[in-house]
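The values are calculated or read from the model by the stated rules, or taken from the named source; none is laboratory data. Every value quoted in this text rests on a predicted model; they were computed, and no experiment measured them. Every residue, glycine as well, gets a Cβ built from its backbone with ideal geometry; the counts of neighbours run over all protein chains shown.
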Amino acid sequence: MTLSKATRLRGEITVPGDKSISHRAVMFGALADGTTEVTNFLQGADCLSTIDCFRRMGIDIENTPERILIHGRGLHGLKAPSSALDAGNSGTTTRLLSGILSAQPFVTTLTGDASIQKRPMRRIIEPLSLMGADIASVNGNDCAPLRIAGAPLHGISYRSRIASAQVKSAILLAGLYADGVTSVTEPALSRNHTEIMLRYFGADVTSEGTTASVLPEPTLTGQKISVPGDISSAAYFIAAGLLVPDSEILIRNVGINPTRSGILTVAQAMGGDITYLNVRDEGEPTADLLVKYSQLHGTVIEGDLIPTLIDELPIINIMAACAEGTTVVRNAEELRAKESNRIDVMVEHLSAMGCRITGTDDGMVIEGGSPLHGTVIDPHMDHRIAMSFAVASLVAEGETKITDNDIVAVSYPHFYDDLQKLTC
Ligand code: S3P
């Protein structure tokens, strides 16, 4: 994909459904009694991997462009798959499914693509083993493939060293099958979609501060779920609208759950003109966001804010590169454990575009304001790197070539078409 500088962006856009919520709708629908109907489901490669894994375990899932229907078989209704389950590029599939598989009466191998096979799994192997799970990294390197043999599980009170919704969710899902209450305390609150949606399906889930707890053996009942637009996908258009002079974009139906909306807090702290319209709250809060071109300035991003914008840091880096002054990102060492090492990759590519950026152990320092110029971007199998640099290309001199056209399909199959529609 070759992209070049834009004059301005104008118009309305509706981004695809939230990836985290779409995964959970399939998983919890599969474990519920009765049918779950999901609208605005994200038809991205990651969520299709989740569908595939549950189909392979005997769950009937009808997938049409309008809606998906998951015919759940209850908490104990999964069947042994005939061969290894493939999570593709999806960390959420791998980690959440591991929690569920730890309690099933069969042995499974769970694997994924080259990127997934490099991502850390000790973070789930350790707490699930404490619960009694029989789970091991096949190659002994704490990464997938994982071999998981179902076992009787005990409830635990786990204090996690990292704020990770994938870790928290894996433990809570295993907790559905444990012999007592299971709780997870995080250093800072990570996205809480599991807690909200499990409660909606009928589980007894409580949240207090950064601790979430679940009681075992609930009866989950099939539900209707309308998935809000993914703020992580909206983030590229928020940034594009703020950065390209004379732009004005209305982004409809964006999920603004406070555990996910750190990008809005940061964009406004940087001087971004963003108006919330039509705010609604039906379990997961949503709004339409009106974004106007703004002259941004640098800021400091750290502490409890980090988990609320962890997936948006690559595009926030692009905003910082175009802002006046310095932006400092701290406490974001988790960026090294994503689809790519997002500290190293952002430093590599933003430097190549002319930005003054220095990587640190747990973040980066960006001296904004240097003019950017086009270059060749290898996204390193990371959809968010590809989309972030597509936005950078809109304000860079010359052409930017992104080498992997297909990787955006992980979370946003029509990303380039939608971007094109807004270009005047
Ligand atoms: C996700 C949690 C986050 C996020 C990922 C999706 C989820 O990962 O980066 O894209 O759906 O639970 P961590 O929980 O590992 O931070």
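In summary, strands (runs of 3 or more DSSP E) completely within the range 351-414 and bearing 1 or more residues that are under 19 Å from the mean Cα position of the chain (by Cα) occur at 363-367. Cβ-Cβ distances below 7 Å connect the following pairs, each with a first residue in the range 305-317 that is part of a helix (DSSP H, G or I), a second residue that is small (Gly, Ala, Ser) and near the ligand (Cβ under 10 Å from one of its atoms), and a separation of six or more residues or different chains: Pro307/Ala163; Pro307/Ser190; Asp311/Ser232; Glu312/Ser232.
Within the range 31-51, restricting attention to residues that are under 15 Å from Ala87 (Cβ atoms) and not charged (D, E, K, R), the residue that is farthest from the chain's Cα centre (by Cα) is Ile51. Residues in the range 71-88 that are touching a residue at least 40 places away in the same chain (Cβ under 8 Å) and in a loop (DSSP other than H, G, I, E, B): Gly74, Leu75, Gly77, Leu78, Ala84, Ala87, Gly88. Looking at Ser164, is it within 16 Å of the ligand (Cβ to nearest atom) and either surrounded by 23 or more Cβ atoms within 10 Å (Cβ to Cβ) or in the same structural domain as Glu302 (by TED's automatic domain parsing) (or both)? Taking the combined requirement at face value, the residue satisfies it. Just one of the listed residues (His373, His383) is in contact (Cβ under 8 Å) with a residue 40 or more places away in the chain and either farther than 30 Å from Val167 by Cα or not charged (D, E, K, R) (or both), namely His383.
Asn257 fulfils the conditions (1) surrounded by fewer than 23 Cβ atoms within 10 Å (Cβ to Cβ); (2) in contact with a helix residue (DSSP H, G or I) (Cβ under 8 Å, 6 or more places away or on another chain); (3) touching a residue at least 40 places away in the same chain (Cβ under 8 Å); (4) over 25 Å from Gly17 (Cα atoms) except for a single criterion, (4). Being farther than 20 Å from Ile407 by Cβ and within 13 Å of the ligand (Cβ to nearest atom): is that true of Ile21 here? In short, yes.
All but one of (1) over 20 Å from Ala188 (Cα atoms); (2) surrounded by fewer than 20 Cβ atoms within 10 Å (Cβ to Cβ); (3) of a type in the set (Val, Ile, Thr) hold for Val300; which doesn't? So Val300 meets the others, but not (1).
The criterion of being in the same structural domain as Ala235 (by TED's automatic domain parsing), under 21 Å from Glu339 (Cβ atoms) and surrounded by fewer than 23 Cβ atoms within 10 Å (Cβ to Cβ) holds for Gly359. Residues that are of a type in the set (Val, Ile, Thr) and touching a residue at least 40 places away in the same chain (Cβ under 8 Å) were ranked within the range 185-208; the one that is surrounded by the fewest Cβ atoms within 10 Å (Cβ to Cβ) is Ile196.
For the range 167-181, the candidate set comprises residues that are in contact with a Leu (Cβ under 8 Å, 6 or more places away or on another chain) and over 16 Å from Ala151 (Cβ atoms); within that set, the residue that is farthest from the ligand (Cβ to nearest atom) is Val181.
For the condition under 30 Å from Tyr200 (Cα atoms) and either within 16 Å of the ligand (Cβ to nearest atom) or surrounded by fewer than 21 Cβ atoms within 10 Å (Cβ to Cβ) (or both), Asp273 does not qualify.
Does the range 89-117 hold any residues that are more than 13 Å from the ligand (Cβ to nearest atom), in contact with a strand residue (DSSP E or B) (Cβ under 7 Å, 6 or more places away or on another chain) and either in a strand (DSSP E or B) or β-branched (Val, Ile, Thr) (or both), and which are they? Matches in the range 89-117: Val107, Thr108, Thr109, Leu110, Thr111. Of all the listed residues (Ile61, Ile135), the sole one being outside the structural domain of Glu302 (by TED's automatic domain parsing), more than 16 Å from the ligand (Cβ to nearest atom) and within 23 Å of Pro228 (Cα to Cα) is Ile61.
Looking across Met27, Met57, one residue alone is at pLDDT 95 or above and outside any helix (DSSP H, G or I). It is Met57. For residues that are within 23 Å of Ser190 (Cα to Cα) and surrounded by fewer than 24 Cβ atoms within 10 Å (Cβ to Cβ), tally how many sit in the range 317-331. Matching residues across the range 317-331 total 3. Annotation note: of Pro145, Pro120, the sole residue that is surrounded by fewer than 24 Cβ atoms within 10 Å (Cβ to Cβ) and within 12 Å of the ligand (Cβ to nearest atom) is Pro120.
Only a single item in (1) surrounded by 22 or more Cβ atoms within 10 Å (Cβ to Cβ); (2) over 23 Å from the mean Cα position of the chain (by Cα); (3) of a type outside the set (A, V, I, L, M, F, W, C) is not met by Gly175, and it is number (2).
Taking the stated definitions as given, is Glu339 more than 16 Å from the ligand (Cβ to nearest atom) and not basic (Lys, Arg)? No.
Working only within the range 186-227, note down all residues that are within 13 Å of the ligand (Cβ to nearest atom), among the acidic types (Asp, Glu) and farther than 19 Å from Arg123 by Cα. Of everything in the range 186-227, just one residue is within 13 Å of the ligand (Cβ to nearest atom), among the acidic types (Asp, Glu) and farther than 19 Å from Arg123 by Cα, namely Glu195.
The C-beta contact set for the range 283-302 (first residue more than 30 Å from Phe201 (Cα to Cα), second residue small (Gly, Ala, Ser) and surrounded by fewer than 18 Cβ atoms within 10 Å (Cβ to Cβ), distance under 6 angstrom, 6+ apart or interchain) comprises Ser294/Gly271; Leu296/Gly271; His297/Gly271; His297/Gly325; Gly298/Gly325; Thr299/Ala269.
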